[in-house]
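As structure tokens, the structure follows; a few thoughts come after it.
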Amino acid sequence: RHEQTTVYAADGFARATGRPGIALTTTGPGAANTLGALGEAWASGSPVVVIATDIPAALRRPGVYRGTLHEATDQEAMFRPVTKHTMRVGDPAALGEAVVHACEIAVAPPSRPVYLEVPTDVLSAAVDEPTSPLPTPLSYPRHSPPENRLRDAAELIARAERPLIWAGGGALRADAREAVAELAERLCAPVITTYMARGLLGAQHPCAVGLPPHLPEVGRIWDEADVVIAIGSDFDGMMTQNWAMPQPPALIAVNVDAADAAKNYHPDVLLEGDAFTATAELARLVEPRGRIQELAHELAELRARVRDRLREEYPAEIEFLESFEGALPDDALVVADMCIPGYWLGAFHPVPGPRRLAYPMGWGTLGYGFPLSIGSALAEEAPVVSVAGDGGFLYAVGELATVAQEQIPLTQVIVDDGGYGMLRFDQQQAGDPTFGVDLDSPDFEALARSFGVEAETVEGLGDEFAAALARQVNDERPTVLVARAALEPPPTTSPRWYRRRQ
């Protein structure tokens, strides 16, 4: 029902599948409406292709704004900051090939969005039947680092006693799960994943830490490591507490983009290449170390200690996490919006496998969750549960019409705390009076039902919530579950980071 939500849905499809998500939209303001969602896709490395019309080329004069309906002085230029590449088609016969090429560019490492612009007179022009079939999208070769650099990395690892693997979104997008698991098992190394790579090894792998580095117990693993092997990560501010984590004694960076790998922490050895291939070849060169079950036991004890501590400090929030986890099937795909319950899920929900959590930690875009879950559900990979606050859900409330009309099977959870809970917390922490954060919300259950979507309301996030969520997830129709509750932000949110830059 809106151009921005169309791009969110395309992003949801891309995140769930790794294939291009395609968004079609119209000219001028319609195209401009996509930019917020496209920025999130760009920052998160999603292969989204936006195909938009522009005013007829015949009506344009170079350098002159004439006032044609929907005219922009340079529509294509609006997209350059939030795309990997922009294209404009002038030849009607070239349109099909241009679409194929746009998809190729979007998925080529490092994946990011592409914009394709088609003037309306080009779109409507008659063309002859193509004399040859459209090209098939290319499969890009997986580039391997030079052998001498791989040996340098292996020698550095051989001298280390406490290796740590840090896996980012590049590892996920390269489908490097098996290679990362092999390297971790051979080194008996714990694996910390970034938000973008959550679930890379699954929740049960013996080397998976399963917790974020924003906790002192996990930060200690980073501090004590004598070599860190970073796979497909740029060490962004959200994961490093704005780079307050110290430079490790030795750093090996595996990345398809050398500049990206070295922009925040200096690598001692840079392995420029595909994350799957480079990691697999590095694993081949290192000696197995054993004691994998001992590591698995240590990490299980670590998670139990952290959960016990968090339960003492945040009892209602841990009740929410456990209610949520217990209600979901093992393969569920969770979409967490920018809201306090979403922050808890993004950091602490045990993600069963790759592409089973979507979390907007690229741009941190409020309101992305519900429309993005539409594309995730259309991918038909797993049951989809989206979680939003009352404020963020209203950004895309019109998409209730879409899910009702198309009967898209997803469950939308709305945690209603009467406003923008995180902003309210920030103001209260600063000792300021709250302003602009308390909202008069509709009756969400009645609103959903008015669109023809099944809905119910519960109080709190305990047993009643868990039972209702389990029922809705097993319903093949779109459903909405409203929970009236307020949560405290987790220690992974910036006001509560335990590290601060000096």
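Quick check: residue separation of GLU287 and ALA57 times 0.36 nm, minus the Cα distance between them. What number comes out in nm? Numbers along the way, then the final one.
Details: separation 230, 0.36 × 230 = 82.80 nm, distance 6.25 nm.
That pair, GLU287 and ALA57, stretches by 76.6 nm at full extension.
Heavy atoms only, probe 1.4 Å: what % of the accessible area of the chain goes to carbon and sulfur, would you let me know?
In the chain, the share of accessible area belonging to carbon and sulfur is 51 percent.
Could you check the spin-label model distance between GLU313 and LEU123? Points 7 Å from the Cα along Cα→Cβ, value in nm.
Taking the simple label geometry, GLU313 and LEU123 are separated by 5.2 nm.
With each run of n ≥ 4 DSSP H residues scored as -39500 (n - 2.57), what mean residue ellipticity at 222 nm is computed for the chain after dividing by its residue count and rounding to the nearest 500 deg cm²/dmol?
The helix-only estimate for the chain comes to -11500 deg cm²/dmol at 222 nm.
Counting only chymotrypsin sites (Phe, Trp or Tyr not before Pro) that sit in a DSSP loop (anything but H, G, I, E, B) with at most 12 other Cβ atoms within 10 Å, what is the longest stretch of the chain containing none of them?
Here the longest run is 66-434.
What is the Cα centroid distance between the range 302-363 and the range 447-501, reported in whole angstrom?
Value for the Cα centre distance between the two parts: 12 Å.
As an exercise, identify the trypsin sites (Lys or Arg not before Pro) in the range 166-264 lying in DSSP coil whose Cβ has no more than 11 other Cβ atoms within 10 Å. Spell out each step's value before the answer.
Numbers: sites: ARG173, ARG177, ARG186, ARG198, ARG220, LYS263; in loops: ARG198, LYS263.
The qualifying sites: there are none.
Compute the distance from the alpha-carbon center of the range 387-421 to that of the range 144-161, in whole Å.
Their Cα centres are 49 Å away from one another.
Over the chain, what is the percentage of antiparallel beta bridges among all DSSP beta bridges, to the nearest 5?
5 percent
Averaged over every viewing direction, what's the projected area of the C-alpha convex hull for the range 1-117? Give it in nm², one decimal, please.
Dividing the Cα hull surface by four gives the mean projection, 7.1 nm².
Of all DSSP beta bridges in the range 332-484, what percent run antiparallel (nearest 5)?
Given both bridge residues lie in the range 332-484, the antiparallel proportion sits at roughly 5 percent.
May I ask you to evaluate 6.51 cos²θ - 1.76 cosθ + 1.60, the Karplus curve with θ = phi - 60°, for each residue of the range 303-310 and list the ³J(HN,Hα) values in order in whole Hz, giving x for glycine and proline?
Per residue, the Karplus-derived 3J(HN,Hα) values read 4, 5, 5, 5, 4, 5, 5, 5 Hz.
Scanning the chain for GluC sites (Glu not before Pro) in DSSP loops with at most 11 other Cβ atoms within 10 Å, what's the longest stretch left with none?
That would be 162-379.
Indicate the gyration tensor shape class of the chain (rounded, prolate or oblate), computed on the Cα atoms with a ≥ b ≥ c the square roots of the eigenvalues: a/c under 1.5 is rounded; otherwise a/b larger than b/c is prolate and the rest oblate.
It comes out oblate by the Cα gyration axes.
The values are calculated or read from the model by the stated rules, or taken from the named source; none is laboratory data. Quick caveat, the model's predicted, so the values are computed rather than measured. Cβ coordinates were reconstructed from backbone atoms using ideal geometry, including for glycine residues, and neighbour counts include every protein chain displayed. Calculation scope for accessible area: heavy atoms of the full protein, side chains included, ligands and nucleic acids excluded. Shrake-Rupley method; radii C 1.70, N 1.55, O 1.52, S 1.80 Å.
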